[in-house]
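Colleague: Before I ask anything, here is the structure I am working with.
The values are calculated or read from the model by the stated rules, or taken from the named source; none is laboratory data. A quick note: this is a predicted structure, and the numbers were derived from the prediction, not measured. Here the Cβ positions follow ideal geometry from the backbone for every residue, glycine too, while neighbour counts run over all protein chains shown.
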Amino acid sequence: MNIVRFLRMSAHLQLMPVLESGEETLVGGQAVMEGVMMRAPHSYCVAVRKPSGEIVTEEQPIERMSEKYPLFKKPILRGLGMLGQAMTLGYRALKFSANAALDDGTAKEGKPAELSSWLMTANLVFSLGFFIFLYKFVPLFLATSLGHAVPSLSGRFATNMTDGVIRMAIFLAFLFLISRLKEIRRVFEYHGAEHKVVFNFESRQPLTIDNAQRFVTFHPRCGTSFLLVVMVISMIVYALLPFDSFTAKFLARIALLPLITGLSYELIRFAAKRQGTAMGLLTAPGLWLQRITTKPPDDPAVTVAIHALEGAMALEAKQGGELVVA
């Protein structure tokens, strides 16, 4: 059973950047197991439907990274701060949802079963290693091997471009295959619910199931769009590296992750505010790909998403904050 839980959590951790959306100044969130996490600038709330049908929540105030550390107000660095905080909150929300899923009401005494700390830590280490292996080592190894077999693809620029194409193909194949799993498809429905409810909020209409269901599930600030931009920026940056050895290229790919993440955040942030323009086309591939990573939600999923956003908004109000839609 622990192996099954380990693999389930690993799959969810790998998808976490895809399922996350939003930025510091707006509401945003993330889909989790049978639930949704929503956050406002200074508040966080995750709502999860337990196997019994009961909706449980966890909420708490949060401090924006740019307020806690002014350095993260700077371009490039603000993307790192935002992503770091989003991943931390997403991990916390995922753990809460996983524990809620284990609470099937059969516990006779004491607290219901929870995921152990060692299992969560092992999942984090495994997921990070899996990410580096699958998206950094494998594409570079295959591109290098192909360059040895095909002389026209052996140059520095050609190898890096081939590496980028292989990386994107692996990413798309991973998303498609994992979306076939019933449990992941359900998470993608909650992902769609999260987007619909955020759109509902941004429209300034009352938060209701009927209003939310009128909106599409494709949102320009989705993590799916962000990851595609990361891959494109990676291809450009890697092509400029003055390295020829496999080891130097591999280490550079790991070392440059923060810079590429920051650059990608700035581009996607800029483009998301310019939908309908040439720059807005930058988010178009991510919106297309959300046909895989989001699914039309049922009313119970939308109910949970609304519950999470209302919880975050209520806590924001208690702290004197006000959510303003531009």
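Colleague: When you look at Val197, is it assigned to a helix (DSSP H, G or I), at pLDDT 90 or above and under 25 Å from the mean Cα position of the chain (by Cα), yes or no? First the steps, then the outcome.
Modeller: Working: assigned to a helix (DSSP H, G or I): yes; at pLDDT 90 or above: yes; under 25 Å from the mean Cα position of the chain (by Cα): yes.
Spelling it out, Val197 is indeed assigned to a helix (DSSP H, G or I), at pLDDT 90 or above and under 25 Å from the mean Cα position of the chain (by Cα).
Colleague: Could you give every pair whose Cβ atoms fall below 7 Å, whose first residue belongs to region 71-84 and is closer than 18 Å to Pro41 by Cβ and of a type outside the set (Gly, Ala, Ser), and whose second residue is at pLDDT below 85 and in a loop (DSSP other than H, G, I, E, B), counting only separations of at least 6 or pairs across chains?
Modeller: Met82/Glu23; Met82/Glu24
Colleague: Any residue at all in region 180-192 that is touching a Cys at 6+ places or on another chain (Cβ under 9 Å), assigned to a helix (DSSP H, G or I), over 21 Å from Ile260 (Cα atoms) and of a type outside the set (A, V, I, L, M, F, W, C)?
Modeller: The initial filter retains those residues of region 180-192 that are touching a Cys at 6+ places or on another chain (Cβ under 9 Å), namely 191.
Going one step further and asking which of them are assigned to a helix (DSSP H, G or I), we end up with 191.
Filter once more, keeping what is over 21 Å from Ile260 (Cα atoms): 191.
Next, only the ones that are of a type outside the set (A, V, I, L, M, F, W, C) stay: 191.
Yes: one or more hits.
Colleague: Restricting to region 157-200, and then to whatever is among the hydroxyl-bearing types (Ser, Thr, Tyr) and buried (at least 19 other Cβ atoms within 10 Å of the Cβ), can you tell me which residue is farthest from Ala308 (Cα to Cα)?
Modeller: Start the filter on region 157-200 by keeping residues that are among the hydroxyl-bearing types (Ser, Thr, Tyr), which leaves 159, 162, 179, 190.
Next cut, buried (at least 19 other Cβ atoms within 10 Å of the Cβ) only: 159, 162, 190.
Working: Thr159: 46, Thr162: 42, Tyr190: 12 Å.
So the residue we want is Thr159.
Colleague: Within region 206-227, can you find the residues that are under 12 Å from the mean Cα position of the chain (by Cα), in a helix (DSSP H, G or I) and among the hydrophobic types (A, V, I, L, M, F, W, C)?
Modeller: Within region 206-227, Phe226, Leu227 qualify.
Colleague: Considering only residues that are buried (at least 20 other Cβ atoms within 10 Å of the Cβ) and in contact with a strand residue (DSSP E or B) (Cβ under 7 Å, 6 or more places away or on another chain), look in region 39-57 and name the one that is farthest from Ala314 (Cα to Cα).
Modeller: Arg49
Colleague: OK, next. Report the residue count in region 213-222 for those that are farther than 18 Å from Thr293 by Cβ and either crowded, with 24+ Cβ neighbours inside 10 Å or touching a residue at least 60 places away in the same chain (Cβ under 8 Å) (or both). Steps first, answer last, please.
Modeller: To start, the set of residues in region 213-222 that are farther than 18 Å from Thr293 by Cβ comprises 213-214.
Then drop every residue that is not either crowded, with 24+ Cβ neighbours inside 10 Å or touching a residue at least 60 places away in the same chain (Cβ under 8 Å) (or both), which leaves 213.
So the answer is 1.
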